[in-house]
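S.K.: Encoded as structure tokens, here's the structure I'll be asking about.
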Amino acid sequence: MNQVYTQVTIDQRGVANLVLNRPEVHNAFDDLMIAELIQVLDNLAANEQVKVLMLSANGKNFSAGADINWMRSMAEKDYAQNLDDANELATLMYKLDKFPKPTLALVQGAAFGGAVGLVACCDIAIASDTASFCLSEVKIGLIPAVISPYVMRALGERQSRRYFLTAERFTADTARSLGLLHEIVSAAELPQKADALAEQLLQNSPAAMSAAKSLIHNIYNRKISNNVVAHTTQAIAEIRVSDEGQEGLSAFLEKRRPNWLPPKPQDN
């Protein structure tokens, strides 16, 4: 695929770096960028080499949200065309949220509108101490509809009532207190912190992390019932008898490294 709006690299550890690359427009996204991101996510999800995905952006800002020219063009289209367009953005958010490997968002500068959705869809979100956020849609007569399931899951209903309605800009500290971010570091420390988190993730069973993500998606916010209990007991039984489950337990009992980790360098 001819990549125009993104850059992708995969290092020898299996860490994929997906970089938004429209710095001249503050990484605002349009229909072409959304389509490209969907295709990239599909390719990375199917790539067995990929163990962790990092989502970041080139330039001063993470993303200004929707591109102004794209929004202008959608205002000139009818309901059916707008529905198709919204479905594409919904597909992007869904695929990032359900990405089968661990995902990290690295946020610098501004993350506005739909960009807040991208951050909320990632498993782990870290930001520079100068980052800022805004759910700005109502300022221009719109609503954060497509991203709302993911943002509301992070912020909760009470905080969403405020920030969806005020469209006020809020700091990284506030974003962390609201649950959108996990950690805040200086801009200089952002790559190193992300790398440290990736290293932490790489120590774990890839299959188990994927299963853990699936468990969260299936169990979160559901009433504890016989069906939920049955799902959890089935999930642990399945992972115990899986190849990586067996390997992990054996390695633990035998006090050795599991086979998903490279051998330790021999001491000279």
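None of the figures in this text is laboratory data; all of them are computed from the coordinates on show. Predicted model only: the values in this text are computed from it and were never measured. FYI the Cβ positions are ideal-geometry reconstructions off the backbone, even for glycines, and counts take in every protein chain you see.
S.K.: With 32 Å as the limit, write out which pairs from Lys101/Lys139; Lys95/Lys255; Lys139/Lys193; Lys213/Lys255; Lys51/Lys139 have Cα-Cα distances beyond it, or answer none. All intermediate terms of the calculation are to be shown ahead of the outcome.
M.R.: On the way: Lys101/Lys139 35 Å; Lys95/Lys255 37 Å; Lys139/Lys193 34 Å; Lys213/Lys255 27 Å; Lys51/Lys139 39 Å.
Lys101/Lys139; Lys95/Lys255; Lys139/Lys193; Lys51/Lys139, as the Cα separations exceed 32 Å there.
S.K.: Further question: Please work out the C-alpha center-to-center distance from segment 104-178 to segment 64-90 and express it in whole Å.
M.R.: Between the Cα centre of segment 104-178 and that of segment 64-90, the gap is 20 Å.
S.K.: Still on this model: Can you tell me which of 92-101, 251-260, 50-59 comes out highest on packing, and rank the rest after it, using the mean Cβ neighbours within 10 Å? Mind showing how you got there, number by number?
M.R.: Details: 92-101: 19.4, 251-260: 11.9, 50-59: 22.0.
The most tightly packed comes first, giving 50-59, 92-101, 251-260.
S.K.: Just subtract the alpha-carbon distance of Ala46 and Ala212 from 0.36 nm times their residue separation and send over the number in nm, one decimal. Show your work: numbers first, answer last.
M.R.: Working: separation 166, 0.36 × 166 = 59.76 nm, distance 1.84 nm.
So the chain would gain 57.9 nm between Ala46 and Ala212.
S.K.: Antiparallel DSSP bridges in segment 6-202: what percent, to the nearest 5? Display every interim value, and only then the final one.
M.R.: Working: 7 of 28 bridges.
Here the share of antiparallel DSSP bridges comes out near 25 percent.
S.K.: Right, another one. Using label points projected 7 Å from each Cα along Cα→Cβ, tell me how many nm separate Gln200 and Thr130, to one decimal.
M.R.: Result for the modelled spin labels: 2.6 nm.
S.K.: Based on the mean of other beta carbon atoms within 10 Å per residue, what is the order of 164-175, 22-33, most packed first? Present the calculation step by step, with values, prior to reporting the outcome.
M.R.: Details: 164-175: 16.3, 22-33: 18.7.
Ranking, from highest mean packing down: 22-33, 164-175.
S.K.: May I ask you to compute the full-extension gain from Ala188 to Leu261, defined as 0.36 nm times their residue separation minus their alpha-carbon distance, rounded to one decimal in nm?
M.R.: On the way: separation 73, 0.36 × 73 = 26.28 nm, distance 2.92 nm.
Gain in length upon complete extension: 23.4 nm.
S.K.: In addition: So, by mean Cβ neighbours within 10 angstrom, what's the order for 71-84, 146-159 with the highest one leading?
M.R.: Numbers: 71-84: 10.7, 146-159: 17.4.
Top of the packing list down: 146-159, 71-84.
S.K.: Under the classification rounded if a/c is under 1.5, otherwise prolate if a/b is larger than b/c and oblate if not, where does segment 105-156 fall, given a ≥ b ≥ c as square roots of the Cα gyration tensor eigenvalues? Provide the component values of the computation, followed by the final result.
M.R.: Numbers: a/c = 2.51, a/b = 1.32, b/c = 1.91.
Because a/c hits 1.5 or more and a/b fails to exceed b/c, segment 105-156 counts as oblate.
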